[in-house]
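Read through the structure below, which is laid out as C-alpha cells, and then see the notes.
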Amino acid sequence: MTLQVAETEQGPWTVLRIYGELDLVTSPVVRQSIHDAVAFGRHDVVLDLSEVLFCDSSGVGVLVAARRLMRSCGGRLRLILPARGAEEGSHVNRVLAALGVRRLFEVYPDRDAAVDEEAQPLSA
C-alpha cells in the first residue's frame, strides 16, 4: 500500500492527513511534509493519523522527530488518533502505547477537537 499526504490549513493549523502505511519506505514522505510546513512558517501542525493502517518503528521515529522539531521552533504538534473501541482502535495509538511514547503527544479524537484552542487532549 502506498502513502498519501493531504495538506489543508484551518486557522493557524496546518493539517496533514495521512493515508496508508507509515513505514521505513513511506516515512520520509511524512517527514518532508512536516519540514515543508515549518519551512513555510507553519509552526502549528496537526497530523491526522486516523487513516494510517500500519505504523512501524520508523514511523514512530518520524512522529518523535516531528515533536522535537515543533518544540525547537516554538510550534505545536497535535495528533488525531480516533478511539474506535478495543478491537478496532487506532493501530498507531496501540503502537505508541506499546513503545511507551504515547504520553509524549497531544492526542485528539478528530479534526474539530485538534484545531480547537479550548479542547483538551485525550489522556494517554
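Pull up all non-local amide H partners of D48: gap of 5 or more, or a different chain, and H-to-H distance under 5 Å with H placed in the peptide plane.
Those lying under 5 Å, H to H, from D48 are L16, R17, I18, I80.
Could you tally the net charge around L77, taking each other residue with its Cβ under 11 Å from the Cβ of L77, Lys/Arg +1 and Asp/Glu -1?
Net charge in that neighbourhood comes out at +3.
In region 19-81, which chymotrypsin sites (Phe, Trp or Tyr not before Pro) are in a loop and have at most 16 other Cβ atoms within 10 Å, using DSSP for the loop call?
Those that pass, being in a loop and sparsely packed, are F40.
Count neighbours as other Cβ atoms within 10 Å of each site's Cβ, and list the GluC sites (Glu not before Pro) in region 38-124 that are DSSP loop with at most 11 such neighbours.
Taking region 38-124 and a limit of 11 other Cβ atoms within 10 Å, the loop GluC sites (Glu not before Pro) found are E87, E88, E117, E118.
Would you please name the trypsin sites (Lys or Arg not before Pro) within region 26-117 that are DSSP coil residues with at most 14 other C-beta atoms within 10 Å of their C-beta?
R84
Using helices alone, I'd like the mean residue ellipticity at 222 nm for the chain: each DSSP H run of four-plus residues gives -39500 (n - 2.57), total over residue count, nearest 500.
-10000 deg cm²/dmol
Can you list, largest first and rounded to whole Å, the semi-axes you get for region 8-98 by taking the square root of 5 times each eigenvalue of its Cα gyration tensor?
For region 8-98, the semi-axes come out at 22, 14, 12 Å.
Values in this text are rule-based calculations from the coordinates and carry no lab data. Since we're looking at a predicted model, the values are computed, not measured. Backbone-built Cβ (ideal geometry, glycine too); neighbour counts: all protein chains shown.
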